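Colleague: Got a structure here, written out as structure tokens. Questions coming.
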Amino acid sequence: MGQSEREADPPADPRLPPGQRLQRGWPVLHYGPVPRFKPLTWDFQVFGATASAEKHSWGFEEFQSLPRVTVHGDFHCVTRFSMLGNEWCGVSASTVLELVPPAEHVTHVMVWAEYGYSANLSLADFADAGTVFATHHDGEPLTVEHGFPVRLVVPKLYAWKGPKWVRAVEYMRADRRGFWEERGYHNLADPWQEKRYSYQEEPGDGPLR
């Protein structure tokens with residue numbers, strides 16, 4: 001059967017970065033065990049190079065009472081699946097920056113999660129309007145497998161830059177590799193340029209290994 005005699009392949013969705021496929025449903029992927037949530041001792045900290053030179057923290061109820069936003073953003077996993085048109089609700093990263101301003105010359109942040117997991121971001125990516133500490137996905141509270149009570153979502157980057165079970169943000173005056181970046185993933189994680197692995201890095205893409 002010739003091309004004219006069969007249905008042509010549908011055009012690729014322009015919202016899909018190169019090398020990605022559309023995913024139905026939300027697979028559960030993470031490294032290590034699922035942590036046990038303890039609301040009485042849980043807190044969210046901001047530390048490092050803060051403008052006040054002091055650490056700030058919120059308890060669980062205090063964090064839940066912070067101003068909330070709803071953003072729409074795609075989810076691109078480095079394992080090559082993408083979920084499009086997600087609705088995320090939570091606390092905007094820009095709200096954290098307003099409440100606890102960084103000191104001068106801060107260029108990057110490290111986002112810390114349970115069990116010492118970490119992900120580094122440029123300050124510009126962290127401050128992006130789409131970056132959110134999400135507590136809900138598509139109108140429903142996050143399940144513990146997907147990061148309850150809080151996970152970071154950075155729609156413009158591959159999803160490993162958005163840790164589950166977030167506990168802290170560290171302001172930094174120089175870049176430092178996070179958990180997966182130390183283990184061979186690209187420091188910048190741009191899905192539109194397929195910046196997946198560290199061997200693809202160009203000079204200036206990240207700190208020296």
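The values are calculated or read from the model by the stated rules, or taken from the named source; none is laboratory data. These numbers come from a predicted model, not from an experiment. Counting neighbours? That spans all protein chains shown, and the Cβs are built from the backbone with ideal geometry, glycine included.
Colleague: Please determine whether any residue of segment 54-75 is under 24 Å from TYR197 (Cβ atoms), charged (D, E, K, R), surrounded by 15 or more Cβ atoms within 10 Å (Cβ to Cβ) and under 17 Å from the mean Cα position of the chain (by Cα). I'd like the intermediate steps shown before the answer.
Modeller: Step one: filter segment 54-75 for residues under 24 Å from TYR197 (Cβ atoms), giving 73-75.
Among the residues that remain, those that are also charged (D, E, K, R) are: 74.
Checking which are surrounded by 15 or more Cβ atoms within 10 Å (Cβ to Cβ) leaves us with 74.
From what's left, under 17 Å from the mean Cα position of the chain (by Cα): 74.
The answer is yes; a qualifying residue exists.
Colleague: Tell me which strands (runs of 3 or more DSSP E) are completely within segment 111-205 and hold 1 or more residues being surrounded by 18 or more Cβ atoms within 10 Å (Cβ to Cβ), more than 10 Å from the chain's Cα centre (by Cα) and basic (Lys, Arg), or say none if there are none.
Modeller: Values: elements: 118-122, 132-137, 151-153, 166-172.
Ranges flagged: 166-172.
Colleague: Which one of these is free of Cβ contacts under 8 Å to residues at least 12 places away in the same chain and farther than 28 Å from PRO18 by Cβ: PRO149, PRO141? Write out each step before concluding.
Modeller: Numbers: PRO149 fails: free of Cβ contacts under 8 Å to residues at least 12 places away in the same chain.
Every option except PRO141 fails the conditions.
Colleague: Taking interchain pairs and intrachain pairs at least six residues apart, which have beta carbon atoms under 8 angstrom, with the first residue in segment 80-99 and without any contact (Cβ under 8 Å) to a residue 40 or more places away in the chain and surrounded by fewer than 19 Cβ atoms within 10 Å (Cβ to Cβ) and the second among the hydrophobic types (A, V, I, L, M, F, W, C) and assigned to a strand (DSSP E or B)?
Modeller: Partner pairs satisfying both residue conditions: THR95/VAL69.
Colleague: Right, another one. Identify the single condition in (1) out of contact with any Pro (no Cβ under 6 Å at 6 or more places or on another chain); (2) at pLDDT below 95 that GLY178 does not satisfy, given that it satisfies every other one.
Modeller: For GLY178, the exception is condition (2).
Colleague: Here are VAL166, VAL144: which of them is at pLDDT below 95 and of a type in the set (A, V, I, L, M)?
Modeller: Working: VAL166 fails: at pLDDT below 95.
Going through VAL166, VAL144 in turn, the sole match is VAL144.
Colleague: Here is a check on your reading of the model: is GLU194 closer than 17 Å to VAL46 by Cα and touching a Gly at 6+ places or on another chain (Cβ under 9 Å)? First the steps, then the outcome.
Modeller: Numbers: closer than 17 Å to VAL46 by Cα: no; touching a Gly at 6+ places or on another chain (Cβ under 9 Å): yes.
So GLU194 does not fit the description; no.
Colleague: Could you identify the single residue in GLY59, GLY73 that is in contact (Cβ under 8 Å) with a residue 12 or more places away in the chain, closer than 24 Å to TRP160 by Cα and of a type outside the set (D, E, K, R)?
Modeller: Numbers: GLY59 fails: closer than 24 Å to TRP160 by Cα.
From the options GLY59, GLY73, the qualifying one is GLY73.
Colleague: Does segment 61-69 contain at least one residue that is at pLDDT 95 or above and basic (Lys, Arg)?
Modeller: Yes, there is a match, as at least one residue in segment 61-69 is at pLDDT 95 or above and basic (Lys, Arg).
So that you can scan it fast, the table gives a plain yes or no per residue for (1) assigned to a loop (DSSP other than H, G, I, E, B); (2) more than 30 Å from GLN20 (Cα to Cα); (3) touching a Gly at 6+ places or on another chain (Cβ under 9 Å):
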site: GLN45; (1), (2), (3): no, yes, no
site: SER57; (1), (2), (3): no, yes, no
site: HIS72; (1), (2), (3): no, no, yes
site: THR79; (1), (2), (3): yes, no, no
site: CYS89; (1), (2), (3): no, no, yes
site: SER94; (1), (2), (3): no, no, no
site: VAL106; (1), (2), (3): yes, yes, yes
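Colleague: Would it be correct to say that GLY32 is modelled with pLDDT of 80 or more, touching a helix residue (DSSP H, G or I) at 6+ places or on another chain (Cβ under 9 Å), closer than 30 Å to GLU194 by Cβ and not hydrophobic (A, V, I, L, M, F, W, C)? Walk me through it before giving the result.
Modeller: Working: modelled with pLDDT of 80 or more: no; touching a helix residue (DSSP H, G or I) at 6+ places or on another chain (Cβ under 9 Å): yes; closer than 30 Å to GLU194 by Cβ: yes; not hydrophobic (A, V, I, L, M, F, W, C): yes.
No.
Colleague: Now, a different point. Taking ALA189, is it closer than 27 Å to THR95 by Cα, in contact with a Phe, Trp or Tyr (Cβ under 7 Å, 6 or more places away or on another chain) and among the aliphatic types (A, V, I, L, M)?
Modeller: yes
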